[in-house]
1. Which of rounded, prolate or oblate describes region B:1-58 when judged by the alpha-carbon gyration tensor and an a/c cut-off of 1.5?
2. Could you point to the residue in B:Phe299, B:Ser67, B:Val172 farthest towards the positive end of the protein assembly as shown's charge dipole, with +1 and -1 charges on the Cβ of Lys/Arg and Asp/Glu respectively?
3. Counting other Cβ atoms within 10 Å, keep those with at most 11, restrict to DSSP loop, and tell me which trypsin sites (Lys or Arg not before Pro) in region B:215-262 are left.
4. Compare each residue of region A:277-304 in its chain alone against the assembly with all protein chains, and report those whose accessible area goes down by 40 Å² or more; 1.4 Å probe, heavy atoms.
5. Using 0.36 nm per residue, how much length does the chain from B:Ala312 to B:Asp35 gain when fully extended, once their Cα-Cα distance is taken away?
6. Using only the Cα atoms of region B:243-303, build the gyration tensor, take square roots of its eigenvalues as a ≥ b ≥ c, and label the shape rounded, prolate or oblate: rounded if a/c is under 1.5, else prolate if a/b is larger than b/c, else oblate.
7. Which whole-number percent gives the relative contact order of region A:205-277, counting Cα pairs below 8 Å spaced six or more residues apart?
8. Sorted from shortest, what are the nm distances separating the label point of B:Pro204 from equivalent points in the other copies, each placed 7 Å from Cα along Cα to C-beta?
Protein chains: 2
Amino acid sequence: MSASGNETSQQLADACAKGDRRAASRLITRLESTDRAEALEASRAASTLPLPKQTIGLTGPPGAGKSTLLDYLVGLQRALGKKVGVVAVDPSSPFTGGALLGDRIRMATHRSDSGVFIRSMGSRGASGGLAAAASDTLRVLGGAGFECVFIETVGAGQTETEVVSLADSVCVVQVPGLGDDIQLMKMGILEIADVFLVNKADRPGALELKEQIELALHESPGETCRARRMLGAAVARAHRVPMWTPPVLLVSGLDRKGGDEIVKALADHLAYLAAPELSALLRRNRTAREIAWRATRRFGEELGHALQPGGAHAALADACAEGTLKLPDAIDRILEGRP
Amino acid sequence: MSASGNETSQQLADACAKGDRRAASRLITRLESTDRAEALEASRAASTLPLPKQTIGLTGPPGAGKSTLLDYLVGLQRALGKKVGVVAVDPSSPFTGGALLGDRIRMATHRSDSGVFIRSMGSRGASGGLAAAASDTLRVLGGAGFECVFIETVGAGQTETEVVSLADSVCVVQVPGLGDDIQLMKMGILEIADVFLVNKADRPGALELKEQIELALHESPGETCRARRMLGAAVARAHRVPMWTPPVLLVSGLDRKGGDEIVKALADHLAYLAAPELSALLRRNRTAREIAWRATRRFGEELGHALQPGGAHAALADACAEGTLKLPDAIDRILEGRP
């Protein structure tokens, strides 16, 4: 079946699940619709689709060569025979859709490969939560049979951290000579990486950077195993979740070097995650976060409507604006369900 | 009274309201606490404080010279005898607090002036909504007697647009020679400006840029009056909200030129907003948005807890993770209040 006309979003999702790539494209476009009802229906349909078998996060500072490296990584996974998806997320860009992010032309190598699906997401069309929106897109790609999906983010804000937290394995790209390596580590980069990729490894300082990262991991007083950190200290201890120490690999996206090591590290990490108990704990943890994001997004949208003149909570906004009700009291009433 | 030891946040807010600057500082620090209960209590206390008399948004692309211009604008308001606050927001930075944003040293001129209060906000410490967090900070500054507060944002994503929507008047900074002027206009910059500042006006192309913006405003098919757009077409028509056409001023932050025109334009815009009916409509509109942001942030935090093992909604997350319940159904149950 091919997507054609006025299908419901659920019909598009069903077509996705049969491997219809065009249906996947159209469902993602609906997810980004400015028509909120349409976007909500699409999100609901997307949320019934399965996640990809493997989701790999890729993050790091601007200038680290993430795009070139991603191009290389996609090729490596294609060589293993996998269908590969790419979701590129830039919260600072208002643009969404298609295969262009900002002004970069990316992934030229794979543009014509039908086994590769590339999609960019900016902040527009992701009202109320980029992580929830990215999760929708991941599920559409997973549903359409893309086994390995990369999720790339720019920057290191909270939104980006939340977005990469969707991934099974997170690669943090670092590069010698940016001069703020230590600063980046302070920013919590140690806590979100499963694999460090020191890119442009032919540059002076690459080996020193690798050693710095390894030392920082070794000396860090905090929890540097992402899985254990996500589950929380108490759960990790109670279930004796084993430790993963992120390997630090010297690679070059441009010279296509280090690929075997990257593939091995990612496979090792996936095997680490697949241990039955850890796998169940992480699935539950991720599910809880996804429910929270999605429910919060819908709550915010519905509350926005309810506070408009004529809406169910309009009187609360009126009273606060007139000064007869205090903001915290209005919020208490809303959250306690009192009109 | 001076803030000293173990005051409650409400006591700090009360001290703020008496003009205690140190209490203001300490309350803002609590707003950014990683201890969620402490941050929530601080937010609650901050929300009882009044907004500043005048909040001016300043936004525009990187490289437009916003920092230098802001330094100039602060001086102009100080010369009018006002106490001035600055809230600099960078959603892509994980850093929060103090007076440094990213690697820029800003506002050196005013650092030692006790009539100026400068605060930076990154995404960290603003869990679940930078706009709600910025609103808290605005209220602390307003409460502490800072009459004119600037709120500066970098970038043009949805978060930034939401943050500048807190301002009474929004200045959009443009600069000749960035080469993407038209693109910026497409990005919705026409819709969020009350005043355009063409900075670095001595550069070639400044006059042309001014004329381009004026033409684009004139020809825009959309609503370019921000107040009318925020209220929505129906309300604007029903209440015959008068039109504001954003002036486009040639200025130079570095050479300190155009100041009289900026001061006049901002005063004119404030007078426009002060018309009783419009003022009431906008206050209600802003109050409704603030309630929605704050309630949504609290909803998200509380739901996150409720979904953790042992929480009130834990069974829903378990069932979804085990595949016996679909995500949309779990979300329906949460939003309908069924456990």
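1. Numbers: a/c = 1.88, a/b = 1.22, b/c = 1.54.
Verdict is oblate for region B:1-58.
2. B:Phe299
3. Details: sites: B:Arg226, B:Arg228, B:Arg229, B:Arg237, B:Arg240, B:Arg256, B:Lys257; in loops: B:Arg240, B:Arg256.
Hits after loop and neighbour filter: B:Arg240.
4. A:Arg284, A:Thr287, A:Ile291, A:Ala295, A:Thr296, A:Arg298, A:Phe299
5. Working: separation 277, 0.36 × 277 = 99.72 nm, distance 2.13 nm.
My answer for the length gained is 97.6 nm.
6. Values: a/c = 4.42, a/b = 1.83, b/c = 2.42.
Oblate shape, in that a/c is at least 1.5 and b/c is the bigger or equal ratio.
7. On the way: 31 pairs, mean separation 19.5, N = 73.
Taking the mean separation of contacting Cα pairs over the length of region A:205-277, I get 27 percent.
8. 3.8
The values are calculated or read from the model by the stated rules, or taken from the named source; none is laboratory data. This structure is a prediction, so every number in the text was calculated from the model and none was measured. Reconstructed Cβ throughout: ideal geometry from the backbone, glycine too, with neighbour counts over all protein chains shown. Note: accessible area is taken over every heavy atom of the protein model, side chains too, but ligands, DNA and RNA are not part of it. Shrake-Rupley method; radii C 1.70, N 1.55, O 1.52, S 1.80 Å.
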